[in-house]
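What follows is a set of notes on a single structure, which appears directly below.
Bear in mind these aren't lab numbers, they're just calculated from the coordinates by the rules spelled out. This structure is a prediction, so every number in the text was calculated from the model and none was measured. Cβ placement follows ideal geometry from the backbone for every residue including glycine, while neighbour counts extend to all protein chains displayed.
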Amino acid sequence: MDDGDAQVTPPRQIVAGLVVLAVAVAAVVIAILVPHDHATTPGRLTNQTATSSTGAQGSPDPSTRDAQALRLLARQDRLLRQGSLAAYQHTWDSSRPAQQQAGSTFANLRRLGVPTLHARYVAADGRSLADRRGLDTSAWTADVEIAWGLGGANRAGARTTLTYTFERQDQRVRVVRISAGSSREPIWLLGRLHVRRTHRTLVAAMTGRDARRLDAELRRAVVDVGRLLPSWRGDLVAYAPATERQFESVLASAPGAYARIAAVTTTVDGSRRPDAPVAIVINPRVFASLGPIGSHVVVTHESTHVATGATTVSMPLWVAEGFADYVGVGAVNVPLSVSARAALHDVRRHGLPSRLPSDAQFSGGSIEVAYEQAWLAMRVIARDYGRDRLVAFYQDVVHRPDAVRSAVQDNLGTSVSALTQEWRSYLKELADGQ
C-alpha cells in the first residue's frame, strides 16, 4: 500500500486547515463526533420511559405525571405550528427566566423557519428537585428527544436529546426550563438570535454585527465555491455564538478544546448521517481577530467542506484540507511568499518531505506546514493535470475515501509515488525561488 492509501483513518474528529496570511493566522476544523441515532417519533411515550416507583408528596403518581408531560409537549408542538406566542408561553412557568426562554425560543424558531419541534418524552429522573433552584416537590426533569429542521436551508432534520424541567402548577404541568446537559446545545436555545438569509444562505448570530459580517462572507463563498464547482446548488448555514462558552456548548466540546480555532464545520447534531444538516460554527474570539482576507479564506474553506459533503467522510486530510484551501486561498490575492511561508521555511530548514502529509501532522506544532503542504499538492495537480481533473480526483476520494491510490490512477493517470515526486520538485522550486 502506498502513501495515498496509508493515510485513511476510521471515523473520528477531523482537524482542518490552518492558513497563514499577511493579516491573520486562521485555523479551521471539521468536527465529527459520535452519532446519536435516536428515533424522532413525536408525541409517543415508549417503554423506554423510566419512572420512579414513588412520587413526591402531593404530586401524582409517575405514570400520570409523565402522561401529562407528554400531552404538554404535544400541545407545544401544535402551538408552534399555529404561531401562537401567548398560548405557547402559557405552557411555561410564569417566572421571568422561564418566560424569557419561552419567548426567545419561540422567536428564534420562527426566524429560522423551524415550523415545530417534534418532541418525544423518553425518560424521567425520579429524584426530587425540592428546594433546588426554587423548585417545589412537584418538579422533575426528563430527557426529551427533539427533531427539527430549518426552513429553506439544510432541510434534513437534526436530532438531539435535551433536559426538560417540568413542574405542576394549579393541577397543570408546565415547562420551567430546557437545557442541553451534555448534548450539543441547539442554536435556538442560546438566546435572541439575529437571522439573515438569502435563497442559498442562512446566518444565525447573537449580535447584528456578527450576522451582517457572516452573511456577507457566506454570499461571497457561494460565488467562490461555485467557480470551481458550478454544479453545486446547495445551501450554506453558519452560526455565530457571542462567547467562547456558547461556542463550546453548540459543539458540546471541552473548555479550550478549540481555543485557536476560527471555525468548525460540523453536523448540527454531531451525527454521522450522510443527510444530517451541516453548519459552519464561528469561534467568536478567534474570528473577531481576523481581517477581511483571513475571514474570507476561513469561510470559503469551510464552505468548500459543506459543498463537497466532506463533513461526514473520513478521507485523508491532505486531500480534504488541501482542496478546501485550494478554493479558500484561491479566492484571495495573496502572494505565495505569504500563503506558503510556513511550508517553504520548513523546506529550507529541514529539507524536502519524503511523503505527502499524514493525518497526524494536522495537529500539534506543525499544523501550518501540513496545511500548506496539502494545499501546494492541490496546486501541483491543477497545474500539471488541470482543474477539471483535480475536481474529479477530489470528488472520487469523497466517494471512495479508502481508495486514494485508485483515485489518483483513474483520474490523473499517474501514481501516488509519482505525484509525490512532482510535489517535492514543486516545493524545491518554490523554496529556491521565493
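Please give the charge dipole size of segment 282-428, origin at the Cα centre, charges +1 on K and R Cβ atoms and -1 on D and E Cβ atoms. Round to the nearest 20 debye. Walk me through the numbers before you get to the answer.
On the way: 13 positive and 13 negative charges, 82 e Å.
Around 400 debye, computed over segment 282-428.
Working from the pairwise distances between different alpha carbons, so that the mean of 1/r is found and then inverted, what is segment 270-379's Kirkwood radius in Å? Can you show the working numbers first?
Details: mean 1/r = 0.0667 Å⁻¹.
Across segment 270-379, the inverse of the average 1/r is 15.0 Å.
Starting from the 7 Å offset along Cα-to-Cβ, what nm value, one decimal, do you get for the label separation of residue 418 and residue 358?
My value for the distance between the label points is 2.7 nm.
Using the Karplus equation 6.51 cos²θ - 1.76 cosθ + 1.60 (θ = phi - 60°), what ³J(HN,Hα) coupling, rounded to whole Hz, does each residue of segment 264-271 give in order, writing x for Gly and Pro?
10, 9, 8, 5, 4, 9, x, 7
Pop a pseudo-label 7 angstrom from the Cα along the beta-carbon direction at both residue 169 and residue 99 and give the gap in nm to one decimal.
In this crude label model, residue 169 to residue 99 measures out at 0.9 nm.
In percent, what relative contact order does segment 284-434 have, based on Cα pairs under 8 Å that are 6 or more apart in sequence?
Numbers: 156 pairs, mean separation 40.3, N = 151.
In percent, rounded to a whole number, it is 27.
Taking each pair of different alpha-carbon atoms in segment 56-123 once, compute 1/r for the pair, average those values, and report the inverse of that mean as the Kirkwood hydrodynamic radius in Å to one decimal. Please list the in-between numbers first.
Working: mean 1/r = 0.0767 Å⁻¹.
The Cα-based Kirkwood calculation yields 13.0 Å.
Whose amide H sits under 5 Å from the amide H of residue 263, counting only residues 5 or more places off or on another chain, with H placed in the peptide plane?
Amide H to amide H, under 5 Å and 5 or more residues apart or across chains, residue 263 pairs with 29, 283.
Under unit Cβ charges (Lys, Arg +1; Asp, Glu -1), what dipole magnitude, rounded to 20 debye, does segment 322-378 have relative to its Cα centre?
Numbers: 4 positive and 5 negative charges, 41 e Å.
Rounded to the nearest 20 debye, it is 200 debye.
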